[in-house]
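In what follows, a single structure is set out as structure tokens and then discussed.
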Amino acid sequence: MNPKIINLVKEYITENYSHQYATLITGSYAEGKETIYSDVDVIIFTTERIQKIIKTLNYKGITLQLIIFSVESIEYTLYEDFLSNKGVYIDMISKGFILLDPHHFLKHLKEYTTALKENGSTPLSKDEDEKYRSKITSYLLDIEGVKDTKRIFFVALLLIDVLAEFKLRLLRQWGGTGKTKSEFLRKVAPTFFEELQIATQKFFEKGDKDKLITITKELLDSTGGKFIQELNFQKFAFSEKMLVIQVSKVLHQKECAEIILAIVPFLKTHSINAYHFISSTDGFLYLIIEDFNKSQLQKLLNKFPDEQLIDIHYFYPQTCFNSLENYQKLLPFFEMLSKEAFHNLENENFKILKGLNLLITLRKIEKMSKEEYLSFLKYLIDCWIMYCVDDILINKAPETTIEKSTILKKYNSIFQKQKQYLKSTLKIDKSYHILSEALARIDNRVIPLYKTFLITPDFDETKKKKFCFCKNVLDYCYSILFIEPKFKAYLPYIALQIE
């Protein structure tokens, strides 16, 4: 890595983002492949609650492209990256040069993303294979049926892109975007890459589509031939395994209740195991479906108006719970909690008490000492309070500190009015035994260390991983209870005051 670039980026970060949590340099400079046209890709991590920000600027003659992430949201970002099979951020972080990392967050994050990158993307399912072949067949028919290649200019671009993506998926390689897609393909399938390049050149320079048609047919023939199918995801023939139905961006509890009330009778009638939650990250309502058949799924999808049904895809709980086995041990508890939440969709008192009872239940199950419990509560507040803070740039950290202080004062004002009632109603939750049994069988060894940020360094690695997993379980539970993200931090705050 060029020392001049290292010093220049460090100087810029010190001047403009002194409150950053960790920073790395990635892209061509990190790989030693820069040219005179290359910009310097810099990923800045912050504990402040902000949306991902991407901006380009010139600093002392060098072009910097800044990507600013919230540390709390990186898990979700990697999940999206994994789910899309593109691996863009997985690749960027794994090959990055660590510039600033006082908490060893990036050290562990790089280890995690490197392992993800080496393991490759998810195996191509039968359904995904058919979806790719259906797209390619459609584009191929368009190109074959038109003599004037100028009319199918953009169709050819789409075909070339999906051919590259399909080939990468067949080889269980990450798809990337733009330049990285070309790099991935050239590395793992050099012959195919060269032929595709020649076909592209002939099409756009000479209007000769024969080579592109030939390479397309060869790839289709090697994977089962042409495939014609309705591409509407509502008609898609999913395999019988866990699915996520992304329903709607919920603005009000009433709207959420209406959506859930409309589908629960159907789930009961057809004995479909499912539960629901609102995502802290994007605010969408999700329905997790298990043990279904395709005809049932189609009937369920028909229950949603077109404007509500956003997406449907396979569910990979490994990101949040670190292994499928960990998730499956907790699944009966999540389903039970979801049914309980259904009967109390607009009951705010129920949500607060249930959330608090789950907190003290977790303390009992994990046998936390008072010191450990207080540290755990402070850790939860640190993780969740950012959902209350308006999105800001991280070089405004002093203002954020003031805003956090204001939020805590508001919490205290609310708590003083509820204190006596809350103290008198807290108890170990009735789910103690089922949750205790599930947590006793959890394998904490699979939890990546990068997730343990913000936990006091006084604890050993095992304790940190346990705290991290308990936080994820609580976060998931609160989402199932439809506790809005901006109120999640209030629950550990109450527990801290009562303690």
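Values quoted throughout were computed directly from the atomic coordinates according to the rules given, and no laboratory measurement underlies them. Everything numeric in this text was worked out from a predicted model, so none of it was measured. Note that we place each Cβ from the backbone using ideal geometry, even for glycine, and neighbour counts take in every protein chain shown.
Quick notes on this one:
- Here the ratio of the Cα radius of gyration of the chain to 2.2 N^0.38 Å is 1.08.
- Along the stretch 69-81 the Karplus relation, 6.51 cos²θ - 1.76 cosθ + 1.60 evaluated at θ = phi - 60°, assigns HN-Hα couplings of 10, 7, 4, 5, 9, 5, 4, 5, 4, 5, 5, 4, 4 Hz to successive residues, with x for each Gly and Pro.
- Net charge of neighbours whose Cβ lies under 12 Å from the Cβ of PHE204, counting Lys and Arg as +1 and Asp and Glu as -1: +3
- Surrounding net charge for TRP174, when Lys and Arg each add one and Asp and Glu each subtract one, Cβ distance under 14 Å: +4
- Under 14 Å, Cβ to Cβ, from GLU11 - net charge with Lys/Arg +1 and Asp/Glu -1: +2
- Spatial offset of the stretch 403-443 relative to the stretch 38-77 amounts to 35 Å, using the alpha carbon center of each.
- Under the combined filter of DSSP loop state and at most 15 neighbouring Cβ atoms within 10 Å, the stretch 428-480 retains these trypsin sites (Lys or Arg not before Pro): LYS430, ARG441.
- Each stretch of four or more DSSP H residues adds -39500 (n - 2.57); spread over every residue of the chain, this sum gives -18000 deg cm²/dmol at 222 nm.
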